[in-house]
1. Of 213, 66, how do they rank once you tally other Cβ atoms within 10 Å and put the fewest first?
2. Note down, for region 501-572, the three equivalent ellipsoid semi-axes (square root of 5 times each alpha carbon gyration tensor eigenvalue), biggest first, whole angstrom.
3. Can you tell me the orientation of helix 43-60 relative to the chain, as the angle in degrees between its alpha-carbon axis and the longest Cα principal axis, to the nearest 10?
4. Hey, any idea what Rg/Rh is for region 294-349, computing Rh the Kirkwood way over Cα pairs?
5. Per residue and in cubic angstrom, what volume does the convex hull of the Cα atoms of region 33-106 have?
6. Where the Cα atoms of region 143-247 are projected onto their three principal axes, how long is each span, largest first, in whole Å?
7. Can you tell me the equivalent ellipsoid semi-axes for region 435-500? Use √(5λ) from the Cα gyration tensor, largest first, whole Å.
8. At what distance in angstrom do the alpha carbon centres of region 258-318 and region 437-500 lie from each other?
């Protein structure tokens, strides 16, 4: 029996130690910020943990208390952590993280008002902490928890955003500068009066032009004084005006030159524009001086050839005087055959021609007297006067014959023109009487009838005036043709509108009736927008039906407006009657799922893990091993939670 008891005792000594569970640790007061009763942290691990805890404390004063034990003594992680936090008298800025290595469980306890929400703490633990606990990386789990609790600073993001904004603004500014530069270059190229020519070259041309024209102006002044003395003030009046104009333009050119030379420098484009102004003024002045020189040259030619010219003018005066009786007789015959109004302004051309011939004779005699007195230069004005008088007398006599031909031609054309006008008038009367015209044709018909009566009076008078009659008839027929054209266009429009009026009106009635029924049968649910559109549709339909008999174009337009308003009324009514769209979606209709909200890291802070959504999704899909049904509030104004790994 003793031997049996000894054997059993030895066996119990071998078996029982293997079955004894890990040493359990009841909640206790923590004396150090890091307590490792499980002996899982090496010296290097402890240094990493201490660094992470100090970094967290430096960030916002939060103290993370860490405890590793073998077992939670049969309690859940959150209960054990809550009791330990209470026993340790942890404050509002203290966070407890407890890990039971043997139980493979953990718990945490934070103040009820801690800045990180339960949801964010869950995400942090599931995504960043639990994987390291599962791998036995105890120090890494603490570091991950501490890093996740650090408040996320907005300044790095702000700095990034500011940097991006500054870069974008810089690029936009640079693009605008380049665009502005291109625009400015294009403007300069477009406005440059001397494209491709260097400014120095233009300046040289402007300076040379000023010198040359100024010298020419001085020479012209001397020539003008000499001409006045030789030919008289009146004879050189045009040349004097040319000189005055050239002098004024050169004064402006030198003023522009002074602007370029003053103490206020212009940019290159402004300089080139001012140089262009100088060149333009100098060129205009030079043209005026050329005209003056040409006038002087003509006077000198007249002076040189005055004797021969006066002899030729005398012969021309004699020939025209011989022709004068014949033209006077022709004009007398015209006065007998045609009305006085038909001869205006040629009715006194014979007397005017005789007066011009007398003036020409006097000028020739004056010119010969100046030559005889040794003043050949003063003969030039006489030559000019005689030439002008002789030319005018010739024109007056030629007009008598021309007017005779014009009257004969008008008399021959008048019957055919009147017949054409009568045909147009008949067509216009018919169209105006049909009631389809809306262009004022009836008024134009009345005017044409009045003009036709005036034409008949002029043509049938004794003596007649066919020329005035033809002019009035042509004007009246032209106006009538234009009115007929407008009336025919209107008639064609009315015909086209009448062809589609019935179907347009019918469609409008259908649309309006449909909209009216929709509103009437569901009046309690149809809003004011649909009712307003329906009222407009009814108003336009009434206008279309009223205009149908008198103005098809207006009726079609009104019917189309009625259709459009009726369609609008139906659309708005259908929108009013549509069932409300439920917000959200998913399961259960209006009581289904609602997605939205602020996501991670709300106003209470957050944690810095880019993997949180991935880990959270995977942990939830495989089933959470959290104990106690999630986080809970514990006594003393704290909350906590825990889980397994």
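Any read-out appearing in this document is the output of simple, stated calculations on the displayed coordinates, not a laboratory observation. Given the structure is predicted, the values throughout are model-derived calculations rather than measurements. Reconstructed Cβ throughout: ideal geometry from the backbone, glycine too, with neighbour counts over all protein chains shown.
1. Going from sparsest to densest Cβ surroundings: 213, 66.
2. Details: eigenvalues 112, 19, 14 Å².
Over the Cα atoms of region 501-572, the ellipsoid semi-axes are 24, 10, 8 Å.
3. The answer is roughly 50 degrees.
4. Over the Cα atoms of region 294-349, Rg/Rh equals 1.30.
5. It is 81 Å³ per residue.
6. Result for region 143-247: principal-axis Cα extents of 119, 26, 17 Å.
7. 34, 10, 6
8. 54 Å
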